[in-house]
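As structure tokens, the structure follows; a few thoughts come after it.
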Amino acid sequence: MPDGNTLSPSLIRDSINDALHVWTTAVNINFVEVPDGPLTQLRFRHIYINGPDPPPPADPIAKAQATCIGFGGGCEVQYDESDPWQEVGTTAAPDILGATIHEVGHIIGLNHTDVVGANMYWIFHRFSGVGTGQLFPDDIAGIQSLYGPGRGSVTPIGVPEPTTGFLVAAGSIFALKFRRRRKPFAGS
């Protein structure tokens, strides 16, 4: 953040979930969170891209980017770790929600638009935190031209009840302690 503090992981996570949800209000796309692994199709991470904006009157520079690796290789939304991210976005200090809505738009098939203020304009729309994200008419027309109208969903990984972890651990210990011992194989 501009004050030197970092954004909380819960704010980042909630902003990403909210951004995904915004797209599901217009088309039948279903995002399902899974543990990270070789089959993960969409990741979110911070990397160095190009640093903070140059001083005015220069145009802003990239705050985030969407990258995909070949057909079926997975995609990433990458946020510039050297920018001053904040909950309420401004042109110079972006918000995770606005950047994520824009970059996910690219991943699901949209290019930039010439409509100033739309999420898919080259300078993405800034929002005021979780719950303020929305699609604009140009965004809706663009995504529905690809997928048709509909309604999708976002399914986060469920948080297990506290006793679930205990039961899994107890079952594992029981299985290890009382597993059947096998004699070594003496073959030819």
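The values are calculated or read from the model by the stated rules, or taken from the named source; none is laboratory data. All values reported here derive from a predicted model rather than from experimental measurement. Neighbour counts are summed over all protein chains in view; Cβ atoms, including those assigned to glycine, are modelled from backbone coordinates with ideal geometry. Protein only, heavy atoms only, side chains kept; ligands, DNA and RNA dropped before computing areas. Shrake-Rupley method; radii C 1.70, N 1.55, O 1.52, S 1.80 Å.
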Looking at (1) touching a residue at least 24 places away in the same chain (Cβ under 8 Å); (2) outside any loop (DSSP other than H, G, I, E, B), which one does residue 67 not meet, given that it meets all the others? (1)
Please go through the range 93-122 and pick out each residue that is in contact (Cβ under 8 Å) with a residue 24 or more places away in the chain and surrounded by fewer than 16 Cβ atoms within 10 Å (Cβ to Cβ). 109
Quick one: which of 53, 18 is within 16 Å of the chain's Cα centre (by Cα) and acidic (Asp, Glu)? 18
Conditions (1) modelled with pLDDT of 90 or more; (2) open to solvent by 30 Å² or more (accessible area, probe 1.4 Å); number of the one not met by residue 15: (2)
Every pair of residues 6+ apart whose Cβ atoms lie under 8 Å, when the first sits in the range 123-148 and is under 16 Å from residue 20 (Cα atoms) while the second is polar (S, T, N, Q) and crowded, with 22+ Cβ neighbours inside 10 Å: 125/119; 129/15; 130/15; 135/119; 136/119; 139/119
Among the residues of the range 31-62, what is the count of those that are in contact (Cβ under 8 Å) with a residue 60 or more places away in the chain, surrounded by 13 or more Cβ atoms within 10 Å (Cβ to Cβ) and touching a strand residue (DSSP E or B) at 6+ places or on another chain (Cβ under 6 Å)? 2
Give me a count of the residues in the range 9-40 that are more than 21 Å from residue 139 (Cα to Cα), of a type outside the set (D, E, K, R) and in contact with a helix residue (DSSP H, G or I) (Cβ under 9 Å, 6 or more places away or on another chain). 2
Among 100, 113, the single one that is closer than 17 Å to residue 47 by Cβ, at pLDDT 95 or above and not small (Gly, Ala, Ser) is 100
Could you list, in sequence order, the residues of the range 125-145 that are surrounded by fewer than 14 Cβ atoms within 10 Å (Cβ to Cβ) and among the aromatic types (Phe, Trp, Tyr)? none
Please state which of the following conditions residue 99 fails to meet, knowing it meets all the rest: (1) part of a helix (DSSP H, G or I); (2) in contact with a helix residue (DSSP H, G or I) (Cβ under 7 Å, 6 or more places away or on another chain); (3) of a type outside the set (Lys, Arg). (2)
